[in-house]
Every structure is written in structure tokens, then in C-alpha cells.
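Input: a single structure, listed below in C-alpha cells.
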Amino acid sequence: EPEVTQTPSHQVTQMGQEVILRCVPISNHLYFYWYRQILGQKVEFLVSFYNNEISEKSEIFDDQFSVERPDGSNFTLKIRSTKLEDSAMYFCASSLSGSGNEQFFGPGTRLTVL
Amino acid sequence: ILNVEQSPQSLHVQEGDSTNFTCSFPSSNFYALHWYRWETAKSPEALFVMTLNGDEKKKGRISATLNTKEGYSYLYIKGSQPEDSATYLCAFIPRGSSNTGKLIFGQGTTLQVKP
């Protein structure tokens, strides 16, 4: 059964460093998402991406964040200058349509900023 | 601010018990509601996508109902089994995000089923 994959599973970085989190969505899906969960808090939406552009982003998704689909398979989240408060579990998801279909989630990347 | 609340936060039941949890969401701005099951160390997995008031959906021993007028959804598990132990998340899509699919999550209900 097709699944969403994410790499790395755990990333440790120093404050101020750039990180790139990678995702491979399900191949025929058209909508892509990043969510995150800070320990003890709700899963929160970061950004949605369709047709090679951001379709919606949250207030969290400021200029330090960017997303890219560099080829036909990968979907990346870049954090330019990490802060301590960026430490969280980051989940990628994909779906066939914007809202009528379920979203398929990857296993997550745990980002630890020291 | 659009808020989604789930209750209870956690639940411990014996194998064979039936159980239910609640998800509350803003009724005035509803587009869709998703339920996900999230086992430890695994990815959240979709259970149901619900859009119409009065919807009832079923998957095996798990079912869900939706009341968009009053802003709540119930998830029921009949005859709980240890393998049902997981966190159950509901997620709301507001009308303004009908094209993007932005999910606003509740905090989840963690179910533990004791053999």
C-alpha cells in the first residue's frame, strides 16, 4: 500500500542553523501539507501546497519557513534559522483533493533545536 | 480563533467495553470533519471524512456521527479490543479552507484498552 515517507526521522541542530525536512508524498496525490506538534500541544497546521504554490499558510509559517517541490516526488520544508521553539515533530501529509479526501500522513521528523 | 475540543482527554476501559468520545467544533464555519487514529510510533491514519449534517459512518466496530448545527461529532467503539488502544484525533476544516484542506486538530482522546 502506498505511503508517505519522511527523512530524517530525527534531526538535531543548533539554534540559528538551517534545516531541510524531506517528504515523499503518495505519487498520484495533488495536495501536500506540513503540520507540526510541539510536545504536549495540539497538532497544528503550517502550510498547504497545490499546483506548485502555497495555497494556505498559518501565522506560524513566517519568512523563516519555505516549502518546495523540487522534482516530481519530493516535498521539502526548510527552516532558515532555527529557534529553540521550532523543536517539534513535523508531519508531512498528502491527499488526492483539497478537502473531500482523507490526508495520508508520514511518520514524522522529530526536530530538536539546541 | 477556530478551536476544536475533544473530550475526554484520556480513557481507560476493559476489553469488551464500548466507549465513545466527543469532538466539538465551530458550527457556524463548518466544511468538513475528519477523524484519525494515531498509534504510538506510527503515522496518524484516517478513519472517517464527514461533511453532511446527520452523517453516520462505520468501519468495523468503530462508527461516527456528525451534528453540524450544534457543532459536535461522536466517535463510538463497540466492544473495545487492546488493539484499539491509540489516540483518536478529530480535525475540522473551516469553510474558508474548503479548497486547501487545512486541518484544525483537537488535542485528541487517548484510549487504553486493558485485556
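The values are calculated or read from the model by the stated rules, or taken from the named source; none is laboratory data. The structure presented is a predicted model; accordingly, all values stated were derived computationally and were not measured. Here Cβ is always computed from backbone atoms with ideal geometry, including for glycine, and neighbour counts include all displayed protein chains.
What is the residue count in the range B:65-102 for residues that are away from chain A (no Cβ under 14 Å) and assigned to a strand (DSSP E or B)?
Pass one, the range B:65-102, residues away from chain A (no Cβ under 14 Å): B:65-85.
Among the residues that remain, those that are also assigned to a strand (DSSP E or B) are: B:65-67, B:72-77.
The number of residues fulfilling the criteria is 9.
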Task: Identity of the residue in the range B:67-91, within 10 Å of the chain's Cα centre (by Cα) and among the hydrophobic types (A, V, I, L, M, F, W, C), that ends up farthest from A:H29 (Cα to Cα) - done: B:L75
- [ ] Could you list, in sequence order, all residues of the range B:5-24 that are under 13 Å from B:Y74 (Cα atoms) and either in contact with a Pro (Cβ under 9 Å, 6 or more places away or on another chain) or among the acidic types (D, E) (or both)?
- [x] B:E5, B:F21, B:T22
TODO: Please identify the pairs in which a residue from the range B:33-47 that is farther than 22 Å from B:L2 by Cα has its Cβ atom under 8 Å from the Cβ atom of a residue that is among the basic types (K, R) and surrounded by 13 or more Cβ atoms within 10 Å (Cβ to Cβ), counting only partners at least 6 apart or on another chain.
DONE: B:E45/B:R37; B:L47/B:R37
Open item on the list: Take the residues in the range B:1-53 that are of a type in the set (F, W, Y) and over 15 Å from A:V43 (Cα atoms); name whichever of them is farthest from the other protein chains (Cβ to nearest Cβ).
Closed with: B:F21
Open item on the list: Which numbered condition in (1) in contact (Cβ under 8 Å) with a residue 40 or more places away in the chain; (2) more than 11 Å from every other protein chain (Cβ to nearest Cβ); (3) among the small types (G, A, S); (4) closer than 24 Å to B:N99 by Cβ is the only one that A:S66 fails?
Closed with: (1)
Open item on the list: Checking B:K42 against (1) assigned to a loop (DSSP other than H, G, I, E, B); (2) within 23 Å of A:F49 (Cβ to Cβ), only one condition comes out false. Which one?
Closed with: (2)
TODO: Please work out which one of (1) free of Cβ contacts under 8 Å to residues at least 40 places away in the same chain; (2) over 17 Å from B:S7 (Cβ atoms); (3) of a type in the set (A, V, I, L, M, F, W, C) is the condition B:I93 fails and give its number.
DONE: (1)
- [ ] Evaluate the range A:85-104: report whether one residue or more is outside any loop (DSSP other than H, G, I, E, B), more than 14 Å from chain B (Cβ to nearest Cβ) and modelled with pLDDT of 95 or more.
- [x] yes
Open item on the list: Go through (1) closer than 30 Å to B:T51 by Cβ; (2) within 14 Å of chain B (Cβ to nearest Cβ) for A:L39 and report which single condition fails.
Closed with: (1)
